[in-house]
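These notes concern the structure reproduced below.
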Amino acid sequence: MRNYNSIYLIIIIFFQSACAELPTRVNGQPLPSLAPMLEKVMPAIVNISSSTHARSSNNPLFNDPFFQRFFNIPLQQRQEKQSRGSGVIIDVKAGYVVTNNHVIDKADEISITLLNGEQINAEVIGIDSETDIALLQVPPEKLTSIKLADSSQLRVGDFVVAIGNPFGLGQTVTSGIISALGRSGLGIEGYEDFIQTDASINPGNSGGALVNLRGELIGINTAIIAPGGGNVGIGFAIPSNMVEQVISHLIEFGEMQRGQLGIRLQKLTPKLATAFGMTDNKGAVISKVESGTAADKAGLQSGDIIIAINNKTINSATDVRNKIGLLRVGEQVKVTVIRKNKTYNIYAIIADSKINGGTISMYLKGTVLQDSSDGIRIKEVTKNSNAWKIGFRKADIIIGFSRREVETIEDLTSYFKRYSTRSIQIRRDGDILSVWLN
């Protein structure tokens, strides 16, 4: 006969043990926890609210002052639309907060909420829409900042933590690893060199922090790929080194002062690499050097293969764009090239793109364009023309310039003169592609 009293006693003891607090040590060793690091870092992560005032009616009559006065409609009848995101305090003394440009874009009022619930009004110091970075400033009181890490030292597989304000819930922490580095060509931003992570990033995390296990900022969370509308483990963050370069411009000038070398680049394919006698296809081929530009004056030549810029390895033409695009006008740059199987270091001075940018017709030479109801239609492209080499094809429809909508050839010409970062968005077979004007 079984001793049921003993069985019941064992069950009771088991459930009491199961409900007890987890041990903090096992075999004399402390259990790993992110809590100590997060306790130091989380006060530096803030929630951001931005409000944009809009007229309460889309009817143009209601915006007419005579109509408003006649019908006694208040002149300042408005409504507020609020967006919520995240931000990171990076400088306590100056009160600097970095976030995404799209979090505060076109906002009339911006405020941040600290971890303790205190709300503070913020002022915009500068924005850069091409990298989606914005710099805010708040009174430097009761703040905690975070240290920026060197993102060039990151490796795939490093553990990371994402902190932000998803769905307006308040500060939320998720963890994962770095899934990939140097992600580009996604068409999300003008300049892309993303850290990819599987740490959950959701709407509202934009502008928040991606940190390493030492509690250092390695990136600003900015975008996700979400086919079903939710997180699927593919999130992107702007590397801290890119953030640091952009905010240095914003602090000094209030904007990015990008320049250019004056070169056109071509992808170094395995076939081209073999033809040039190279063992791998890392680098970018200079397909043309524009006359009178910084590259021309420095001695760069068509056919040179760029393998490094300022001693940083170049893997692709996109790498060249990113590194040159973050340098200041007038800054000296060291360009390492392979020319006829020999390596040369060539020094150039970054020039103002507004001076040496040429005209849009130079890039579209060889095309027949036609304004249409859905954009600028490319009716013909001459094979091996400038436009062909850049990447334009017959039946492409130009719909944007540097992610700004264009409807006519006149729009395209106007934008080219006004903006230094130059890409053309086209619709091809139902897909949206970006063609870069190097």
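For the range 113-127, the set of residues classified as crowded, with 23+ Cβ neighbours inside 10 Å and assigned to a strand (DSSP E or B) consists of 127 only.
Residue by residue, here is whether (1) in the same structural domain as residue 90 (by TED's automatic domain parsing); (2) under 19 Å from residue 191 (Cα atoms) holds:
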{"site": "249", "(1), (2)": "yes, yes"}
{"site": "252", "(1), (2)": "yes, no"}
{"site": "263", "(1), (2)": "no, yes"}
{"site": "267", "(1), (2)": "no, yes"}
{"site": "272", "(1), (2)": "no, no"}
{"site": "280", "(1), (2)": "no, no"}
{"site": "290", "(1), (2)": "no, no"}
{"site": "295", "(1), (2)": "no, no"}
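Out of curiosity, is residue 207 assigned to a loop (DSSP other than H, G, I, E, B) and surrounded by fewer than 18 Cβ atoms within 10 Å (Cβ to Cβ)? Taking the combined requirement at face value, the residue does not satisfy it.
Looking across the range 84-112 at every residue that is over 19 Å from the mean Cα position of the chain (by Cα) and at pLDDT below 90, the one that is surrounded by the fewest Cβ atoms within 10 Å (Cβ to Cβ) is identified as 108. Just one of (1) modelled with pLDDT of 90 or more; (2) in a loop (DSSP other than H, G, I, E, B) fails for residue 222. It is (2). Among the residues of the range 383-412, the ones that are in a loop (DSSP other than H, G, I, E, B), over 27 Å from the mean Cα position of the chain (by Cα) and either not assigned by TED's automatic domain parsing to the domain that holds residue 431 or not polar (S, T, N, Q) (or both) come to 4 in all.
Filtering 268, 217 for residues that are touching a Ser or Thr at 6+ places or on another chain (Cβ under 6 Å), of a type in the set (A, V, I, L, M, F, W, C) and either modelled with pLDDT under 90 or closer than 29 Å to residue 198 by Cβ (or both) leaves a single hit, 217. In the range 128-147, the residue that is surrounded by the most Cβ atoms within 10 Å (Cβ to Cβ) out of those that are under 23 Å from residue 216 (Cβ atoms), out of contact with any strand residue (DSSP E or B) (no Cβ under 6 Å at 6 or more places or on another chain) and polar (S, T, N, Q) is 131.
The values are calculated or read from the model by the stated rules, or taken from the named source; none is laboratory data. Just so we're clear, the structure is a prediction, and the values are computed from it rather than from any experiment. When we count neighbours, we look across all protein chains shown, and the Cβ atoms used for this are built from the backbone with ideal geometry, even at glycine.
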